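Step one of this worksheet: look at the structure below.
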Amino acid sequence: EFSYGSSSERAVHATPCSASLNQQWQVRGKRLSANGGPSDGLCGTACANPPPDEDSFCPRLHTIHDPGVADPCGPLRDESGLWHMWDDDGSWSHWTSRDLAHWDGDFSSGTNFSGATGSVSPTPSGVFAHWPIIAPGDAVCCSHIGSAKALDETLTRWDQRGPAIAQPARIDSGFRDPSRAFEWQGRWFVGVGCGSAEAGAQFCLFEASDDTLADFTDRGSLFTTQETFGFMGANNVWQPANVTAVMLECPDLFRLGDKWVLIGSLYNQPNVKYTNQ
């Protein structure tokens, strides 16, 4: 906060984490106005050097910097201690790190996994990737989950095996974002974010025939809900109001002590509202 000229009104120095459309900011007042460009001496998008505020929401380190990067897949640590991570910017480019802060890689090292959010799963039979296949004619992504097997220890060469999991007939409002495979009582499972316009957001569960994670049987929905407890509005501001969830995006199921924990983003169409649960 600071004084604006001789006026007692306050002005704001806004520093959003990026300049994407849903993170631009507005300042309105009697003597100042800024919206998407310079006005009255204020910058209308992210100022060049955000202040070193310990309470800032902006992260100090960005592992991979590019306007199109989203939804990192992994990370996975190999036996040498090297971490592997893939981004879903159209090609699943491959990145490696020893400390999870400094990363080596480039966007030309894509694995061509269709570029949608997925997972990488190690089993006794190898390392396997799963991702949504975006096929021509898909009204709502996606009709199948594809799979591939790593051909070398560097996880740079892959054998693409085609579709592995088909969208069940009961699902009609989204089928994507397969979770990392997990073992339970000697059986292997993969969960997929899915949903029904009638039933709500769901975590669809599929059992693999073995640990090669190539063939699956539909085991129904492990979790279903229509209720949310709030959502992020168009300006990334939390709104404490319920919206009906029709799909669960980016789910993850894992053990925490003696309990199982399921997390994900509840998705509402057509307003594209998100909430975490």
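The values are calculated or read from the model by the stated rules, or taken from the named source; none is laboratory data. Just so you know, these numbers come straight off a predicted model, no measurement behind them. With ideal geometry, Cβ positions are generated from the backbone for all residues, glycine too; neighbour counts draw on all protein chains shown. For the accessible areas, the whole protein counts, side chains as well, though only heavy atoms, and no ligand, DNA or RNA atoms are used. Shrake-Rupley method; radii C 1.70, N 1.55, O 1.52, S 1.80 Å.
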Tally of residues being farther than 16 Å from S147 by Cβ, buried (at least 20 other Cβ atoms within 10 Å of the Cβ) and either out of contact with any Leu (no Cβ under 9 Å at 6 or more places or on another chain) or at pLDDT 95 or above (or both) across the stretch 168-192: 2
Filtered residue count, the stretch 126-167, keeping only those that are modelled with pLDDT of 90 or more, aliphatic (A, V, I, L, M) and surrounded by fewer than 17 Cβ atoms within 10 Å (Cβ to Cβ): 2
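Let's see how each residue does on (1) in a strand (DSSP E or B); (2) farther than 13 Å from S121 by Cα:
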{"position": "R170", "(1), (2)": "no, yes"}
{"position": "D177", "(1), (2)": "yes, yes"}
{"position": "V190", "(1), (2)": "yes, no"}
{"position": "C204", "(1), (2)": "yes, yes"}
Near pairs, Cβ below 7 angstrom, 6+ apart or cross-chain, from the stretch 95-116 (closer than 16 Å to G68 by Cβ and touching a residue at least 12 places away in the same chain (Cβ under 8 Å)) to any residue that is open to solvent by 70 Å² or more (accessible area, probe 1.4 Å) and of a type outside the set (S, T, Y): W95/D104; S114/I134; A116/I134
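I'd like the full set of residues that are of a type in the set (S, T, N, Q) and under 20 Å from the mean Cα position of the chain (by Cα), limited to the stretch 168-195. Explain how you work it out, then say what you get.
Filtering the stretch 168-195 down to residues of a type in the set (S, T, N, Q) leaves 173, 179, 185.
Scanning the stretch 168-195 gives S173, S179.
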Count - residues of the stretch 234-268 that are open to solvent by 70 Å² or more (accessible area, probe 1.4 Å), under 19 Å from the mean Cα position of the chain (by Cα) and modelled with pLDDT under 80: 4
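Report, by residue number, each residue of the stretch 92-101 that is closer than 20 Å to E153 by Cα, part of a loop (DSSP other than H, G, I, E, B) and open to solvent by 20 Å² or more (accessible area, probe 1.4 Å).
The first filter runs over the stretch 92-101 and keeps only residues closer than 20 Å to E153 by Cα, leaving 92-100.
Checking the rest, the ones that are also part of a loop (DSSP other than H, G, I, E, B) come to 92, 98-100.
Within the stretch 92-101, R98, D99, L100 meet the criteria.
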Residue in the stretch 102-122 that is least open to solvent (accessible area, probe 1.4 Å), counting only those that are in contact with a His (Cβ under 6 Å, 6 or more places away or on another chain) and hydroxyl-bearing (S, T, Y): S119
Inter-residue pairs, beta-carbon under 8 Å, first within 30 Å of R98 (Cα to Cα) and in the stretch 151-165, second of a type in the set (D, E), 6+ apart: L151/D159; E153/D78; L155/D78
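Are any residues in the stretch 195-209 closer than 15 Å to H130 by Cα and surrounded by fewer than 22 Cβ atoms within 10 Å (Cβ to Cβ), and if so, which ones? First the steps, then the outcome.
As a first pass, look at the stretch 195-209 and keep what is closer than 15 Å to H130 by Cα: 204-208.
Of everything in the stretch 195-209, those that are closer than 15 Å to H130 by Cα and surrounded by fewer than 22 Cβ atoms within 10 Å (Cβ to Cβ) turn out to be L205, E207.
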Test for F231: is it under 15 Å from S119 (Cα atoms) and either open to solvent by less than 60 Å² (accessible area, probe 1.4 Å) or within 22 Å of the chain's Cα centre (by Cα) (or both): no
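Does A116 satisfy the criteria of being over 21 Å from the mean Cα position of the chain (by Cα), assigned to a loop (DSSP other than H, G, I, E, B) and either more than 19 Å from P251 (Cα to Cα) or modelled with pLDDT under 95 (or both)? Let's see the steps before the verdict.
Numbers: over 21 Å from the mean Cα position of the chain (by Cα): no; assigned to a loop (DSSP other than H, G, I, E, B): yes; either more than 19 Å from P251 (Cα to Cα) or modelled with pLDDT under 95 (or both): yes.
Spelling it out, it is not the case that A116 is over 21 Å from the mean Cα position of the chain (by Cα), assigned to a loop (DSSP other than H, G, I, E, B) and either more than 19 Å from P251 (Cα to Cα) or modelled with pLDDT under 95 (or both).
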Every pair of residues 6+ apart whose Cβ atoms lie under 8 Å, when the first sits in the stretch 176-194 and is free of Cβ contacts under 8 Å to residues at least 24 places away in the same chain while the second is aliphatic (A, V, I, L, M): R187/A208
Test: residue in the stretch 71-82 that is at pLDDT below 85 and in a loop (DSSP other than H, G, I, E, B): yes
